[in-house]
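Working notes for the structure below.
Taken together, the values in this text are just the output of simple stated rules run on the coordinates, not laboratory data. Please read these numbers as outputs of a predicted model, since none were measured by experiment. Here the Cβ positions follow ideal geometry from the backbone for every residue, glycine too, while neighbour counts run over all protein chains shown.
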C-alpha cells in the first residue's frame, strides 16, 4: 500500500465479500472555533507554540513505524466504536439549579449510575462527551454554557434535565430565562420533571445509549434499558 495515494484509492476490501469499506483519514491539524469571536473577543492568543509547530511542518512528517497505515480505519469499525461509546459515557460536572441535586444523587452509591456505563463526572469539558444541563438556564449563563459545549470534543451529546431546562418551566415567562436550551444548542434527550428523580436521569441516559447505538442502524433488535411492550 502506497501512502502517497489518495485515501479514496486505498479503500479496503472486507474479508469474505466484495464490499469496499471507505477508510477514515484522521487529519493532523489544529482545532479552530466555528465562531472566532466566541473566545476572548476574537483576539489572537498569546500561546503560539502549537501554531509554530504546525507552520514548521514538523507535525506532518510521517515517521511512524507502520508508515501511514495507522491513519486508515475501516468504516466497519465505527459500529464497534459506537458500542464502546454507548457503554462509556463521560458526563460533564455542570449544574445550573435545583435539578443538579438530583443529578448528583444519581452518581451516589445508592443509585450508582456507573454500573450502566455512565462514568463519574468529569471536571473539564475536554474530558467529557455528554453535557447534562440540569436546571434553569438564564440569559446571563447561556454564553458560558455554549462555551462549555463548544469545548467538548466530538462526538458529543446533550441531555436536558428538568422542566426548566426543557421549556423554561415555572420561569417560562421570565425576562431572564431561556425558554428551552434547544434555542441555543442541540438536544438529544429530554428528561421532564420538577425535578426528575435520579432514576429518571438514569433512564434518560439509557435512552441516550440507545441513540448512540442506533445512529448508524446496527443491531436494531437490541434495545437498551426498559422498553414498553408493543401490545400495550
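Test of understanding: what is the full-extension gain from residue 182 to residue 78, defined as 0.36 nm times their sequence separation minus their Cα-Cα distance? All intermediate terms of the calculation are to be shown ahead of the outcome.
Numbers: separation 104, 0.36 × 104 = 37.44 nm, distance 2.76 nm.
Between residue 182 and residue 78, full extension yields an extra 34.7 nm.
To the nearest 0.05, what FRET efficiency results for residue 105 and residue 37 with a Förster distance of 45 Å applied to their C-beta separation?
Values: r = 38 Å, r/R0 = 0.85.
Given R0 = 45 Å and the Cβ-Cβ separation, E is 0.70.
Could you compute the FRET efficiency for residue 141 and residue 119, with r as their C-beta to C-beta distance and R0 at 45 Å, rounded to 0.05? Write down the numbers at each step before the final one.
Numbers: r = 25 Å, r/R0 = 0.56.
With R0 = 45 Å, the Cβ-Cβ based efficiency is 0.95.
Roughly speaking, what is the stretch gain from residue 53 to residue 170, that is 0.36 nm per residue apart minus the C-alpha to C-alpha distance, in nm to one decimal?
Values: separation 117, 0.36 × 117 = 42.12 nm, distance 5.17 nm.
Stretched fully, the residue 53-residue 170 segment lengthens by 37.0 nm.
Order by neighbour count: 138, 48, fewest other Cβ atoms within 10 Å first, most last.
Numbers: 138 17, 48 10.
Fewest-to-most ranking of 138, 48: 48, 138.
So for each of 111-119, 87-95, 156-164, 168-176 I average, over its residues, the number of other beta carbons within 10 Å; can you give me the resulting order with the highest mean first?
The densest-packed peptide leads the list: 156-164, 87-95, 111-119, 168-176.
Enumerate the whole-percent occupancy of each 5 Å bin, from 0 to the last occupied one, for all C-alpha pair distances of segment 84-214.
2, 12, 23, 25, 21, 11, 4, 1, 0
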